[in-house]
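Just so you know, all these numbers are worked out from the coordinates, no wet-lab data involved. Because the structure is a prediction, the values reported are computed rather than measured. Quick reminder, even Gly has a Cβ in these numbers, built from the backbone with ideal geometry, and neighbours come from all protein chains shown.
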Amino acid sequence: MLISLTDIKVMFGEKTVLKDISASVTEDSRIGVVGVNGAGKTTLLNVIAGEQETEEGNLYVNSSAEIGYLK
């Protein structure tokens, strides 16, 4: 397992952007993040990259994983 998200919750002030998000990425996975504008795609990527704190939940990133993305 490279990345594991369990019950992630992110809020901006009173607004809940992500709630109860769980997912896993294995070494052979190919993933895409799709959704309407404002759905929380960038917030999710920021959480995975370690640039955004969560209110709840757990994030595990394997030490062999290299996380990066172009904003």
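What aspartates and glutamates could a cross-link reach from LYS9, if we take a straight Cα to Cα line under 17 Å and drop same-chain neighbours fewer than 8 places away?
Once the sequence-local aspartates and glutamates are set aside, what remains near LYS9 is ASP20, GLU51, GLU53, GLU55, GLU56.
Could you work out the mean projected area of the convex hull around the alpha carbons of the chain, in square nanometres to one decimal?
Answer in nm², one decimal: 5.0.
Whole-Hz ³J(HN,Hα) for each residue in region 43-56, computed from phi via Karplus 6.51 cos²θ - 1.76 cosθ + 1.60 with θ = phi - 60°, x for glycine and proline: what do you get?
Couplings: 4, 4, 5, 5, 5, 4, 6, x, 9, 10, 6, 10, 7, 9 Hz.
Output the relative contact order of the chain, whole-number percent, from Cα pairs under 8 angstrom with separation of 6+ residues.
42
Under 5 Å between amide hydrogens, which residues at least 5 positions from GLN52 or on another chain qualify, with H placed 1.01 Å from N in the peptide plane?
VAL47
Under the rule of -39500 (n - 2.57) per DSSP H run of 4 or more residues, summed and divided by the residues of the chain, what mean residue ellipticity at 222 nm is obtained, to the nearest 500 deg cm²/dmol?
Values: 1 runs with 8 residues, N = 71.
The helix contribution divided over the chain gives -3000 deg cm²/dmol.
Positive end of the charge dipole of the chain (Lys, Arg +1 and Asp, Glu -1 on Cβ, about the Cα centre): tell me which of LEU45, VAL33, LEU59 has its Cα farthest that way.
About the Cα centre, the residue reaching furthest to the positive side is VAL33.
Calculate the dipole size of the chain relative to its Cα centre from +1 charges on Lys and Arg beta carbons and -1 charges on Asp and Glu beta carbons; express the result in debye to the nearest 20.
Approximately 280 debye in magnitude.
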